[in-house]
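Visitor: There's a structure below that I have some questions on.
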Amino acid sequence: MDAVILARAQFAFTVSFHFIFPAFSIGLASYLTVLEGLWLKTSRGLYANLYRYWLKIFAIVFGMGVVSGIVMSYQFGTNWSVFSAKAGPVIGPLMAYEVLTAFFLEAGFLGVMLFGISKVGRGLHFFATCMVALGTLISATWIIAANSWMQTPVGYAINAKGQFVPAGSWLPIIFNPSFPFRLAHTVIAAYLTTSLVVGGVGAWHLLKDKANPGARTMFSMAMWMAVLVAPIQMVAGDAHGLNTLKHQPAKVLAMEGDYHPSPDGAPLILFGLPSNAEARVRYEVAIPKLGSLILKHDPNAALPGLMDFPRDKWPPAPIVFWSFRIMVALGFAMLGLGLWGLVARARSHLYDWTWLHRAAVAMGPAGFVAVIAGWVTTEVGRQPYTIYGLLETAQSHSPLAAPAVATSLLAFVLVYFFAFGAGTMYILRLMARPPEPGEPEPLHIPQHAAGITPASAAGDAIPAAE
Amino acid sequence: MGGIDLTIAWAGIIGFAVFAYVVMDGFDLGIGILFPSFAVGDERNQAMNSVAPVWDGNETWLVMGGGGLLAAFPLAYAIILPATYPLIIAMLLGLVFRGVAFEFRWRDPRHRPLWDVAFSLGSGVAALAQGMTLGAILQGIHVEAGAYAGGWLDWLSPFSLLTGMAVVVGYALLGATWLVWKTEGPGQIHARRLALWLGTATLAMLAAVSAATPFLAYDYWRRWFAMPAVLLTAQVPLLVAITAGTFFWSLRRGDERLPFLLALALFLLGFAGLGISIYPYVVPRAVTIWDAAAPPQSQLFMLVGAVVIVPIMLAYTSWAYWVFRGKVGTHGYH
């Protein structure tokens, strides 16, 4: 294995691991805002209990996001130094702003959130919750701006050192052509992911006790969210796909498995085994004309094929073909779950259809899988470039020896599975406990300044924490 | 003109972030380094709780330093990180271990010994890696055509091992003096005894590093000992001697806060010494801050955010330290 492949594997591994946490915390922060808002409006203790239940989980998720995020701010330099040197003047400030907002808006106000409503008063506490939710969205905006610029670079000039620098205003760089589509698709994905987790946890407790009021409320809210947001996500995904076809056609053609141009309308390949070497999809199952209908909204519209592009500029089609299908299939499954919930609700069986609850539990982690599959599709689909059309991945990496990268990759894999595996186990333990009336606030000791969970956020596992 | 000012401003901001990181994460890493010497139970809980509220705020300065370096001095970021690759990776993994240990050691009493080991091992590895990175930068990095051109073990040398040990000992001193301030009873007595030993060891390390540095390159020698400059640079060791004397005096006298503050002063003097050795280079003797600087429009764009947010960060950090002032109990602050 050469150093570039290993460096790519390392970046993919660390960023995928990191991405799981914000994908959950973005949605959960907004959910907490809704819960606290409902509580302040209705004064129903039920919402306060749910708020406290999810706050404890949020604190751990956020903490793991921070720890895995520190690694990311150094990965660019350790493994991709040429990219950093060339793109730093454009990418660097966007990521620096992400750091500033992530750490100082989210982390700072999370400290107040965890400090407890009785200490700071309702108004300030709700304000802190809103700021944390806003902070997660702002930091998503900056990081998606940086990522989107790598996909659709505009507004740059190249200076005497061969660096990409802003040509003038920062606005075209931030609001680059793929940015609004990618941001919408990603944030909605985070919301959908969270609603599936909340729904899964609610369903788990309904299977044990149909009368638990907290479980009923969270399940009901999650099912509303799924049935409303899944269709919106499909529209957003469709728009994002059309945008990608316009700016990165080879990526879409690889996702579709379209090696050969289709002058009279492209089929939709449902399944098959794409092969870049043979330039065809083996064992393909296809529906004629449907591909053009989806991508051009016209069954007879012509579509190019990968053969129209030089072979060394093809993304690895087998990976993106399948990651894209996994994402789409899970999207339909989410919509199906939402509709099933709607039917159950219409017939007043939302809380006692056991198979619905089982399905919701099974779908609990589906959002994470879909998010990672989507991320793989867009990032692997960008290959062979780091900055699309301008800087190749093979020219972006650090001057590193393969043994160094291989060793560090192995170390990352071992440490991450051990450390974050343990964290996930502790989160699952919190989720396994049913929401109770009189859910305790996170105990305020020992409390954290920048907001990562107080050690006592688990509440139950600490003897004599007073 | 404007570009030059911005570059100096950013060098100042990043220098400040690095110093803020070194002293703030320094004392909580130091507590991790000393952790095995604390008795299981109250003494360990007390030590852990004294930093639990602030350690993550402290580490944000590390992200600020890394992110800021990429944005303001991309060439320096792109040279230093590959040159010290295994050290940076080791530091990050060490920080992951100790970071999660803060959260996880309370969750299940049966797992506590495991997370205690993760905490002290992670802290020690991170501190050693940071110190060795400093040594690797000081001893010089092989740069050709604006890129790192050395091998992946160039950083390893007797000098970088010396600076690595110096930082480990120095952080442990900060940790011990922090505990003198924040604890009482047997824990404090233990910390005071440790501080005495560690103060001596830190001074010895500081002397060794200072003595070795001028021999790394003639440039360092000239900066410290050439005629008009020596009148200024000689103040640094003089101030170190005065600070060290006051430190031991205050420790013997039973002061609680002064030893920590004087240990910080020692770090500040060490940092000033590094500044004298390095400035205006960012990669010594190869790349100056102006060579490495991002264009003015990038530096200016970020400066707007930094000018607004850094003071907020400082205010928030001070507030947090204020909230958690006073002695820590075995179960956290009261």
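Visitor: When the helix-only estimate is applied to chain A (DSSP H runs of n ≥ 4, each -39,500 (n - 2.57), divided by the residue count), what is the mean residue ellipticity at 222 nm, nearest 500 deg cm²/dmol?
Guide: -23000 deg cm²/dmol
Visitor: Which cross-chain or sequence-distant (5 or more) residues have an amide H under 5 Å from the amide H of A:Phe271, H modelled 1.01 Å from N in plane?
Guide: It is A:Val285, by chain and number.
Visitor: So, with +1 on the Cβ of K and R and -1 on the Cβ of D and E, and no other charges, what is the size of the charge dipole of region A:258-330 about its Cα centre, to the nearest 20 debye?
Guide: Dipole of region A:258-330, to the nearest 20 debye: 140 debye.
Visitor: How far is it, in nm, from the label point at B:Leu156 to the one at A:Lys208 when both lie 7 Å from their Cα along the line to the Cβ?
Guide: My value for the distance between the label points is 5.1 nm.
Visitor: In Å, what Rg and Dmax follow from the Cα atoms of region A:1-112?
Guide: Every Cα atom of region A:1-112 included, Rg and Dmax give 18.1, 61 Å.
Visitor: Another one. Out of B:Ala265, B:Ala176, A:Gln163, whose Cα points farthest toward the positive end of the dipole of the protein assembly as shown (charges: +1 Lys, Arg; -1 Asp, Glu; placed on Cβ)?
Guide: Farthest along the dipole direction, towards plus: B:Ala176.
Visitor: Here is a follow-up. Which ³J(HN,Hα) values, rounded to whole Hz and listed in residue order, are derived for region B:232-244 from phi using the Karplus coefficients 6.51, -1.76 and 1.60 in 6.51 cos²θ - 1.76 cosθ + 1.60 with θ = phi - 60°, glycine and proline given as x?
Guide: Each residue of region B:232-244 in turn: 7, 5, 5, 5, 5, x, 4, 5, 4, 4, 5, 4, 5 Hz.
Visitor: Let me ask you something else. Working only with C-alpha atoms, what are the Rg and Dmax values of chain B, expressed in angstrom?
Guide: 20.1, 63
Visitor: Once you have a ≥ b ≥ c as the square roots of the Cα gyration tensor eigenvalues for region B:255-334, tell me rounded if a/c is under 1.5, and otherwise prolate or oblate according to whether a/b is larger than b/c.
Guide: Verdict is oblate for region B:255-334.
Visitor: Take the alpha-carbon centre of region A:78-110, take the same for region B:232-251, and report the distance between them in whole Å.
Guide: Centre-to-centre distance over Cα atoms comes out at 39 Å.
Visitor: Average partner chain C-beta neighbours within 10 Å, per residue of A:336-349?
Guide: Partner-chain Cβ atoms within 10 Å, mean over residues of A:336-349: 0.
Visitor: What size of dipole, in debye to the nearest 20, comes out for region A:350-442 about its Cα centre when the only charges are +1 on Lys and Arg C-beta atoms and -1 on Asp and Glu C-beta atoms?
Guide: 240 debye
Visitor: To continue, here is another question. List the extent of the Cα atoms of region A:178-394 along each of their three principal axes, largest first, rounded to whole Å.
Guide: Result for region A:178-394: principal-axis Cα extents of 62, 36, 28 Å.
Visitor: Now for a different question. Can you give me the P(r) profile for region A:25-71? Cα pairs, bins 10 angstrom wide beginning at 0, each as a whole percent.
Guide: 28, 44, 20, 7, 0
Visitor: Hey, another quick one. For the protein assembly as shown, compute the orientation-averaged projected area of the C-alpha convex hull (one quarter of its surface), in nm².
Guide: Its average projected convex-hull area is 34.7 nm².
Visitor: Just checking the output field for B:313-326: average partner chain Cβ neighbours within 10 Å of each residue's Cβ?
Guide: The mean count of partner-chain Cβ atoms within 10 Å per residue comes to 3.
Visitor: Enter the mean number of other protein chain beta carbons within 10 Å of the beta carbon of each residue in A:405-415, as an integer.
Guide: Taking all residues of A:405-415 together, the mean is 3.
Visitor: For A:Ser16, B:Ser120, A:Ser398, which order do you get if you count the other beta carbons within 10 Å of each Cβ and list the fewest first?
Guide: Neighbour counts put them in this order, fewest first: A:Ser16, B:Ser120, A:Ser398.
Visitor: Give a residue-ordered list of calculated ³J(HN,Hα) values for region A:343-351 (Karplus: 6.51 cos²θ - 1.76 cosθ + 1.60, θ = phi - 60°; whole Hz; x for Gly, Pro).
Guide: 4, 4, 5, 4, 9, 6, 10, 4, 9
Visitor: State the answer as a single residue: which of A:Pro365, A:Val198, A:Gly272 lies farthest towards the positive end of the charge dipole of region A:178-394, with beta carbon charges of +1 for Lys and Arg and -1 for Asp and Glu, about the Cα centre.
Guide: Farthest towards the positive end: A:Val198.
Visitor: For B:Ala147, which sequence-distant residues (separation of 5 or more, or a different chain) have an amide H within less than 5 Å of its own amide H, given hydrogens modelled in the peptide plane?
Guide: none
Visitor: Using mean Cβ contacts within 10 Å as the protection proxy, how do B:172-183, A:125-136 order, highest first?
Guide: Peptide ranking by packing, descending: B:172-183, A:125-136.
Visitor: What residues qualify as long-range amide H neighbours of B:Asp255, i.e. H under 5 Å apart, gap of 5 or more or another chain, H built at 1.01 Å from N?
Guide: It is none; the list stays empty.
Visitor: Sum up the lysine pairs in the protein assembly as shown that clear both bars: alpha-carbon distance under 19 Å and a spacing of 8 or more or different chains.
Guide: 7
Visitor: Please list 3J(HN,Hα) in residue order for region B:46-60, calculated via the Karplus relation 6.51 cos²θ - 1.76 cosθ + 1.60 where θ = phi - 60°; whole Hz, with x for glycine and proline.
Guide: Couplings: 4, 4, 5, 5, 5, 10, 3, x, 10, 4, 6, x, 4, 6, 4 Hz.
Visitor: With viscosity set to 0.890 mPa s at 25 °C, what whole-number translational diffusion coefficient in µm²/s follows for chain A from Stokes-Einstein and a Kirkwood radius over Cα pairs?
Guide: 104 µm²/s
Visitor: Turning to a different aspect of this structure: When averaged across all projection directions, what area in nm² does the alpha-carbon convex hull of region A:44-190 cover?
Guide: Projected area, direction-averaged: 10.3 nm².
Visitor: For a Förster distance of 51 Å, can you work out the FRET efficiency between the beta-carbons of A:Ala362 and B:Ala204, rounded to the nearest 0.05?
Guide: 0.25
Visitor: What is the magnitude of the charge dipole of chain A about its Cα centre, with +1 placed on the Cβ of each Lys and Arg, -1 on the Cβ of each Asp and Glu, and no other charges, expressed in debye to the nearest 20?
Guide: In debye, rounded to 20, chain A gives about 500.
Visitor: Which trypsin sites (Lys or Arg not before Pro) does region B:200-273 hold that lie in a coil by DSSP with at most 11 other beta carbons within 10 Å?
Guide: Those that pass, being in a loop and sparsely packed, number zero.
Visitor: With an 8 Å cut-off on Cα pairs and a minimum separation of 6 or more residues, tell me the relative contact order of chain B in percent.
Guide: This gives 25 percent for chain B.
Each reported figure results from applying straightforward, stated rules to the coordinates on display, with no laboratory input. No experiment lies behind these values; they were computed from the predicted model shown. Glycine gets a Cβ as well: all are built from the backbone with ideal geometry, and neighbour counts include every protein chain shown.
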